[in-house]
Amino acid sequence: MFPALPVPRAGLAVLTALILSACASGRELRDERGELGDFFLAHAIVVAGNATVGPASRRAEPEDWEKVLTDEMRRRFARYDGDTLYHLGVSVDGYVLAVPGIPVVAAPKSVLILGVTLWDDAAGRKVNETPHRITVLESLSGETVVSSGLTQTAEQQMQNLAQNAVLSIENWLASNPDWFPPKPGAAEAAEAATEAEVTVEVISES
(Lines give C-alpha, C1' and ligand atoms only; values in the text may rest on other atoms or scores of the structure.)
Protein backbone atom coordinates (compact mmCIF):
# COMPACT_ATOMS: atom_id res chain seq x y z
CA MET A 1 0.00 0.00 0.00
CA PHE A 2 1.24 3.49 -0.82
CA PRO A 3 0.83 6.03 2.00
CA ALA A 4 -1.79 8.71 1.35
CA LEU A 5 -0.20 12.07 0.65
CA PRO A 6 -1.80 15.22 2.09
CA VAL A 7 -3.30 17.55 -0.52
CA PRO A 8 -2.94 21.30 0.18
CA ARG A 9 -6.26 23.10 0.50
CA ALA A 10 -5.58 25.24 -2.57
CA GLY A 11 -4.65 22.17 -4.57
CA LEU A 12 -7.78 20.37 -3.39
CA ALA A 13 -9.96 23.28 -4.49
CA VAL A 14 -8.38 23.26 -7.95
CA LEU A 15 -8.75 19.48 -8.20
CA THR A 16 -12.42 19.67 -7.19
CA ALA A 17 -13.09 22.40 -9.76
CA LEU A 18 -11.48 20.33 -12.50
CA ILE A 19 -13.51 17.24 -11.56
CA LEU A 20 -16.75 19.23 -11.58
CA SER A 21 -15.84 20.74 -14.95
CA ALA A 22 -15.19 17.31 -16.36
CA CYS A 23 -18.53 16.00 -15.06
CA ALA A 24 -20.56 18.85 -16.55
CA SER A 25 -21.83 18.11 -20.04
CA GLY A 26 -23.25 20.56 -22.54
CA ARG A 27 -24.86 17.89 -24.69
CA GLU A 28 -28.33 18.45 -23.22
CA LEU A 29 -29.95 21.86 -23.61
CA ARG A 30 -32.57 21.69 -20.85
CA ASP A 31 -34.75 24.73 -20.10
CA GLU A 32 -33.62 28.20 -21.10
CA ARG A 33 -32.20 30.31 -18.29
CA GLY A 34 -34.65 32.92 -17.06
CA GLU A 35 -31.75 35.15 -15.94
CA LEU A 36 -31.08 36.03 -19.60
CA GLY A 37 -34.45 37.78 -19.82
CA ASP A 38 -35.16 39.37 -23.22
CA PHE A 39 -31.97 37.96 -24.77
CA PHE A 40 -31.51 37.23 -28.47
CA LEU A 41 -28.17 36.20 -29.97
CA ALA A 42 -27.83 38.10 -33.23
CA HIS A 43 -24.23 37.23 -34.16
CA ALA A 44 -21.61 34.82 -32.87
CA ILE A 45 -18.07 35.46 -34.05
CA VAL A 46 -15.29 32.96 -33.31
CA VAL A 47 -11.59 33.42 -34.09
CA ALA A 48 -9.04 30.67 -33.56
CA GLY A 49 -6.04 31.71 -35.66
CA ASN A 50 -3.84 32.52 -32.66
CA ALA A 51 -4.70 29.51 -30.49
CA THR A 52 -1.83 27.93 -28.58
CA VAL A 53 -1.62 24.17 -29.05
CA GLY A 54 -0.72 22.43 -25.79
CA PRO A 55 1.86 19.68 -25.42
CA ALA A 56 1.00 16.18 -26.61
CA SER A 57 -2.01 17.41 -28.56
CA ARG A 58 -3.56 16.57 -31.86
CA ARG A 59 -3.81 19.59 -34.11
CA ALA A 60 -6.99 21.14 -35.47
CA GLU A 61 -7.43 23.76 -38.16
CA PRO A 62 -8.61 27.19 -36.90
CA GLU A 63 -11.61 27.11 -39.23
CA ASP A 64 -12.69 23.78 -37.72
CA TRP A 65 -12.71 25.29 -34.23
CA GLU A 66 -14.58 28.31 -35.56
CA LYS A 67 -17.25 26.14 -37.15
CA VAL A 68 -17.84 23.75 -34.26
CA LEU A 69 -18.12 26.58 -31.72
CA THR A 70 -20.32 28.74 -33.94
CA ASP A 71 -22.65 25.81 -34.63
CA GLU A 72 -22.86 24.98 -30.94
CA MET A 73 -23.67 28.57 -29.97
CA ARG A 74 -26.45 28.62 -32.56
CA ARG A 75 -27.81 25.33 -31.21
CA ARG A 76 -27.80 26.41 -27.57
CA PHE A 77 -28.90 30.03 -27.90
CA ALA A 78 -31.59 29.45 -30.53
CA ARG A 79 -33.89 28.74 -27.55
CA TYR A 80 -33.83 32.42 -26.61
CA ASP A 81 -36.25 34.48 -28.69
CA GLY A 82 -36.18 37.89 -26.99
CA ASP A 83 -36.17 41.28 -28.72
CA THR A 84 -32.93 42.68 -27.24
CA LEU A 85 -30.01 41.89 -29.52
CA TYR A 86 -26.60 40.78 -28.31
CA HIS A 87 -23.47 39.50 -30.00
CA LEU A 88 -20.82 37.09 -28.70
CA GLY A 89 -17.16 37.35 -29.64
CA VAL A 90 -15.11 34.27 -28.81
CA SER A 91 -11.38 33.71 -29.18
CA VAL A 92 -9.86 30.25 -28.92
CA ASP A 93 -6.79 30.94 -26.80
CA GLY A 94 -5.50 27.40 -26.41
CA TYR A 95 -6.40 23.73 -26.50
CA VAL A 96 -5.24 20.18 -26.01
CA LEU A 97 -6.84 17.34 -27.96
CA ALA A 98 -5.68 14.22 -26.16
CA VAL A 99 -3.48 11.81 -28.05
CA PRO A 100 -3.30 8.08 -27.31
CA GLY A 101 -1.28 7.52 -24.16
CA ILE A 102 -0.47 4.86 -21.61
CA PRO A 103 -3.72 4.34 -19.65
CA VAL A 104 -3.84 6.00 -16.20
CA VAL A 105 -0.13 6.88 -16.13
CA ALA A 106 0.09 9.11 -19.20
CA ALA A 107 -3.46 9.41 -20.50
CA PRO A 108 -4.01 13.12 -21.20
CA LYS A 109 -7.35 14.90 -21.08
CA SER A 110 -8.67 17.30 -23.70
CA VAL A 111 -8.87 20.96 -22.67
CA LEU A 112 -10.21 24.13 -24.32
CA ILE A 113 -9.47 27.72 -23.25
CA LEU A 114 -11.59 30.62 -24.53
CA GLY A 115 -11.88 34.37 -24.12
CA VAL A 116 -15.49 35.61 -24.38
CA THR A 117 -16.89 39.11 -24.90
CA LEU A 118 -20.56 40.10 -24.92
CA TRP A 119 -21.72 43.05 -27.06
CA ASP A 120 -24.90 45.07 -26.55
CA ASP A 121 -26.25 45.82 -30.03
CA ALA A 122 -28.43 48.82 -29.11
CA ALA A 123 -25.69 50.46 -27.03
CA GLY A 124 -23.02 49.59 -29.61
CA ARG A 125 -20.52 48.62 -26.92
CA LYS A 126 -18.95 45.75 -25.04
CA VAL A 127 -20.77 44.64 -21.92
CA ASN A 128 -17.54 43.26 -20.40
CA GLU A 129 -14.43 45.23 -21.30
CA THR A 130 -12.02 42.42 -20.44
CA PRO A 131 -12.67 39.05 -22.13
CA HIS A 132 -14.04 36.47 -19.73
CA ARG A 133 -11.74 33.46 -19.53
CA ILE A 134 -13.32 30.01 -19.75
CA THR A 135 -11.44 26.73 -19.36
CA VAL A 136 -13.27 23.44 -19.86
CA LEU A 137 -12.36 19.77 -19.88
CA GLU A 138 -14.01 17.00 -21.83
CA SER A 139 -17.00 15.38 -20.12
CA LEU A 140 -16.34 12.17 -18.25
CA SER A 141 -17.78 9.10 -19.93
CA GLY A 142 -16.92 5.51 -20.65
CA GLU A 143 -14.92 6.77 -23.62
CA THR A 144 -12.99 9.52 -21.82
CA VAL A 145 -12.42 8.15 -18.32
CA VAL A 146 -9.03 6.74 -19.42
CA SER A 147 -8.25 9.00 -22.37
CA SER A 148 -10.36 10.20 -25.26
CA GLY A 149 -7.21 9.96 -27.36
CA LEU A 150 -7.69 6.21 -27.32
CA THR A 151 -11.39 6.16 -28.19
CA GLN A 152 -12.38 9.34 -30.05
CA THR A 153 -11.43 11.20 -33.19
CA ALA A 154 -10.26 14.80 -33.02
CA GLU A 155 -13.66 15.88 -34.37
CA GLN A 156 -15.46 14.07 -31.54
CA GLN A 157 -13.16 15.63 -28.96
CA MET A 158 -13.78 19.09 -30.39
CA GLN A 159 -17.55 18.57 -30.33
CA ASN A 160 -17.41 17.48 -26.70
CA LEU A 161 -15.32 20.50 -25.71
CA ALA A 162 -17.46 22.93 -27.74
CA GLN A 163 -20.64 21.72 -26.03
CA ASN A 164 -19.10 22.17 -22.58
CA ALA A 165 -17.61 25.55 -23.46
CA VAL A 166 -20.88 27.00 -24.74
CA LEU A 167 -22.70 25.66 -21.66
CA SER A 168 -20.12 27.54 -19.58
CA ILE A 169 -20.80 30.69 -21.63
CA GLU A 170 -24.53 30.34 -20.94
CA ASN A 171 -23.84 29.86 -17.21
CA TRP A 172 -21.60 32.94 -17.19
CA LEU A 173 -24.29 35.06 -18.81
CA ALA A 174 -26.88 33.74 -16.35
CA SER A 175 -24.61 34.71 -13.45
CA ASN A 176 -24.96 38.37 -14.57
CA PRO A 177 -28.76 38.88 -14.80
CA ASP A 178 -28.42 42.65 -14.42
CA TRP A 179 -27.01 42.74 -17.97
CA PHE A 180 -30.35 41.70 -19.47
CA PRO A 181 -33.77 43.39 -19.38
CA PRO A 182 -36.65 41.12 -18.36
CA LYS A 183 -38.99 39.79 -20.99
CA PRO A 184 -42.12 41.94 -21.44
CA GLY A 185 -44.82 40.70 -19.11
CA ALA A 186 -42.41 38.62 -17.02
CA ALA A 187 -43.17 40.55 -13.83
CA GLU A 188 -46.93 40.25 -14.38
CA ALA A 189 -46.63 36.52 -15.05
CA ALA A 190 -44.61 36.00 -11.86
CA GLU A 191 -47.14 38.00 -9.85
CA ALA A 192 -50.04 36.00 -11.31
CA ALA A 193 -48.26 32.74 -10.48
CA THR A 194 -47.72 33.91 -6.89
CA GLU A 195 -51.38 34.87 -6.54
CA ALA A 196 -52.42 31.47 -7.91
CA GLU A 197 -50.23 29.71 -5.33
CA VAL A 198 -51.76 31.79 -2.51
CA THR A 199 -55.27 30.96 -3.72
CA VAL A 200 -54.51 27.25 -3.82
CA GLU A 201 -53.02 27.41 -0.33
CA VAL A 202 -56.09 29.21 1.06
CA ILE A 203 -58.44 26.68 -0.55
CA SER A 204 -56.38 23.82 0.86
CA GLU A 205 -56.52 25.28 4.37
CA SER A 206 -60.29 25.72 4.22
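Amide hydrogen proximity for ALA51: with H placed 1.01 Å from N in the peptide plane, no residue at 5 or more positions away or on another chain lies under 5 Å.
For ASP38, neighbours were defined as the other residues whose beta-carbon sits under 14 Å from its Cβ, and their charges (Lys and Arg +1, Asp and Glu -1) total -4.
In plain terms, the chain from ALA42 to SER25 could stretch by 3.7 nm, reckoned as 0.36 nm per residue minus the Cα-Cα distance. Solvent-accessible surface of protein heavy atoms, probed at 1.4 angstrom with all chains present, puts ASP83, ASP64, ASP120, ASP93 in the order ASP83, ASP64, ASP93, ASP120, largest first. For GLU138, the residues whose amide H sits under 5 Å from its own are SER110, ignoring neighbours fewer than 5 places away on the same chain, with H placed 1.01 Å from N. Apply the Kirkwood formula to the stretch 26-132: the hydrodynamic radius equals the inverse of the mean of 1/r over all pairs of different alpha-carbon atoms; give it in Å with one decimal. Result for the stretch 26-132, one decimal place: 15.6 Å. Other residues with beta-carbon under 15 Å from the beta-carbon of ASP120 carry, at +1 per Lys or Arg and -1 per Asp or Glu, a net charge of -3. Here's how it looks for ASP93: its modeled amide H is under 5 Å from those of ILE113, LEU114, GLY115, which are all 5 or more places away or on a different chain. Gain on full extension, evaluated as 0.36 nm per residue between ASP120 and GLN156 minus their Cα-Cα distance, stands at 9.7 nm. Between ASP81 and ASP64, the simple spin-label model (points 7 angstrom out along Cα→Cβ) gives 3.6 nm. Note on surface exposure: LEU118, LEU167 rank LEU167, LEU118 by accessible area, highest first, 1.4 Å probe.
The values are calculated or read from the model by the stated rules, or taken from the named source; none is laboratory data. The structure displayed is predicted, hence computed values, not measured ones. Neighbour counts run over all protein chains shown; Cβ positions are idealised from the backbone, glycine included. Please note that ligands, DNA and RNA were not included when accessible areas were found on the heavy atoms of the full protein model with its side chains. Shrake-Rupley method; radii C 1.70, N 1.55, O 1.52, S 1.80 Å.
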